[in-house]
Amino acid sequence: MSLSARGTDGRLAPVTKIPEENYSPTWPGDRRKPIPRTGDEIEVLTGFLDRHRITFEQKCSGLTPQQLSEPSVPPSTMSLHGLVRHLAGVERWWFQIQFAGADVPMLYYSDDDPNQDFESLDGDVDEAFAVWRRECDRSREIVAAAASLDDTGATIHDGQPFSLRWLLVDLIAEYAQHNGHTDLLRERLDGATGV
């Protein structure tokens, strides 16, 4: 496959190499591992999900608890502290409660206060990250224990089945969406950018 681009004279010319400076910069101290391009389905899906998890964690690093709790993109009240609480709750809700059927309480939620993950930020930020990391570890254990990607759980509200494959793709989309929010929040806080 050959690529081409328009030269200054308007004609197409072959592109042999894209200059390094034209790529988006990576996050300083990037800890993400490459996702296997030829791995099996479980390796690729869990690789993408873990990459999104690490991306989120990296983009929250180096900030004070006050910065992490600051809603920096008005009029939204979203903060990085709220996002980590939300994502911890999402991990537990989908992997433990709905997929594995565990009888554990929901995190940062009650019927009387359904938005406490984003709005009740009086707790310790470091503890919120510790809870999120534990939930991610538990989710990984559940995935590793599954017999196949065709194993199913059921949604609480209607009892409809879903496969582990579907769940992994859904969580990848969830993290991708919130990593976009994280980009905006972080850049507004201190100007930091990168992929």
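A short reminder: the numbers here are calculations on the coordinates, not readings from a lab. Quick caveat, the model's predicted, so the values are computed rather than measured. Note: ideal-geometry Cβ built from the backbone for every residue, glycine included; neighbour counts use all protein chains shown.
When the residues of the range 135-158 are filtered to those that are aliphatic (A, V, I, L, M) and surrounded by fewer than 13 Cβ atoms within 10 Å (Cβ to Cβ), the one that is farthest from the chain's Cα centre (by Cα) is 147. Each residue in the range 159-177 was checked for being part of a strand (DSSP E or B) and either surrounded by 14 or more Cβ atoms within 10 Å (Cβ to Cβ) or in contact with a His (Cβ under 7 Å, 6 or more places away or on another chain) (or both), and 2 pass. Scoring residue 131 on the criteria (1) within 28 Å of residue 73 (Cα to Cα); (2) in contact with a Ser or Thr (Cβ under 6 Å, 6 or more places away or on another chain); (3) among the β-branched types (Val, Ile, Thr) leaves a single failure, condition (2).
Just one of the numbered conditions (1) surrounded by fewer than 16 Cβ atoms within 10 Å (Cβ to Cβ); (2) touching a residue at least 40 places away in the same chain (Cβ under 8 Å); (3) farther than 26 Å from residue 184 by Cβ; (4) not β-branched (Val, Ile, Thr) is not true of residue 45: (1). Considering the range 2-118, the qualifying helices (runs of 4 or more DSSP H), each wholly inside and each with 1 or more residues that are of a type in the set (Asp, Glu), run over 41-60, 80-91. Does residue 87 meet the test of being under 29 Å from residue 151 (Cα atoms), among the aliphatic types (A, V, I, L, M) and touching a Lys or Arg at 6+ places or on another chain (Cβ under 6 Å)? No: the conditions fail for residue 87. In the range 119-134, the residue that is surrounded by the most Cβ atoms within 10 Å (Cβ to Cβ) out of those that are touching a helix residue (DSSP H, G or I) at 6+ places or on another chain (Cβ under 9 Å) and part of a loop (DSSP other than H, G, I, E, B) is 121.
Does residue 83 satisfy the criteria of being in contact with a His (Cβ under 8 Å, 6 or more places away or on another chain) and on the phi < 0 side of the Ramachandran plot?
Yes, satisfied.
From the set of residues in the range 178-195 that are aliphatic (A, V, I, L, M) and assigned to a helix (DSSP H, G or I), which is surrounded by the fewest Cβ atoms within 10 Å (Cβ to Cβ)? Step by step, filter the range 178-195, then rank; the result is 184.
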